[in-house]
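Worksheet: one structure, shown below.
Taken together, the values in this text are just the output of simple stated rules run on the coordinates, not laboratory data. Everything numeric here is computed off the predicted structure, so don't read it as measured data. All Cβ positions, even for glycine, are placed from backbone atoms using ideal geometry, and neighbour counts span all protein chains on display.
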Amino acid sequence: MDVEKKDEQPLRSPALLHDQSRKRKRRRCIIICSSVVAVILAIALILLILALTVFKAKKPVLTVNSVALQDFDLSVNPLPLQVSLNLSLALDISIENPNKVGVKYRSSSASVRYKGKDVGEVPIPAGEIGSDTTKQMNLTLIVFADRFLSDSDIYRDVLSGNLPFTTYTVIKGKVRVLFVHIHVSSTSTCDVNIDIQSRSISNQTCHYKNKI
């Protein structure tokens, strides 16, 4: 009677089993690490696309809606020659924030200048403008008459019937795009001429500069 013989399987050594287990763990670790790196790169790419498109920092837009005379009183004494001036300007401005995030701006000021010299100013307290929002401000610029006492140009301008002034407004702030703060600023310069006889503003020309 024949007896079937079973094929004998060679026994694996413990060292070989340990080596194979270590290779499997290494392969699993490589797969996991590659997946994590791929996810991180995908997230970074999405954030970069958002930062360059939807959340790209944009310049705020400062607009001077109007400059109007609020108070105006002028008198001239011939002997001795002296000009007495009481003047205040109503400045109506608006600041548009086209960004998808809010803009925080620092304390600033608006000033009125005569021949390049500041003769009046008004503070603008710090604040914030919401995303896709336009903020309006009504400012009153008061001219300090004592700053004209040593300026001989005021006499010639009064005699000509025309007083030229310049209003200057600057807003500086920052926009947070994802994890980065970007500084932005907007300035306006308006040249205005006051007709002394009609006691009104005869001409107004504004220039704007916005930058990041």
If you wrap a convex hull around the Cα atoms of segment 111-202, how much volume per residue is inside, in Å³?
120 Å³
Under Stokes-Einstein, with the Kirkwood radius over Cα pairs standing in for Rh, what whole-number D in µm²/s applies to segment 91-149 at 10 °C and 1.306 mPa s?
122 µm²/s
Note down the Stokes-Einstein diffusion coefficient of segment 58-212 in µm²/s, whole number, using a Kirkwood radius over alpha carbon pairs, 25 °C, and 0.890 mPa s.
146 µm²/s
Inter-probe distance in nm under a simple model that places probes 7 Å from Cα toward Cβ, at S21 and C33
2.1 nm
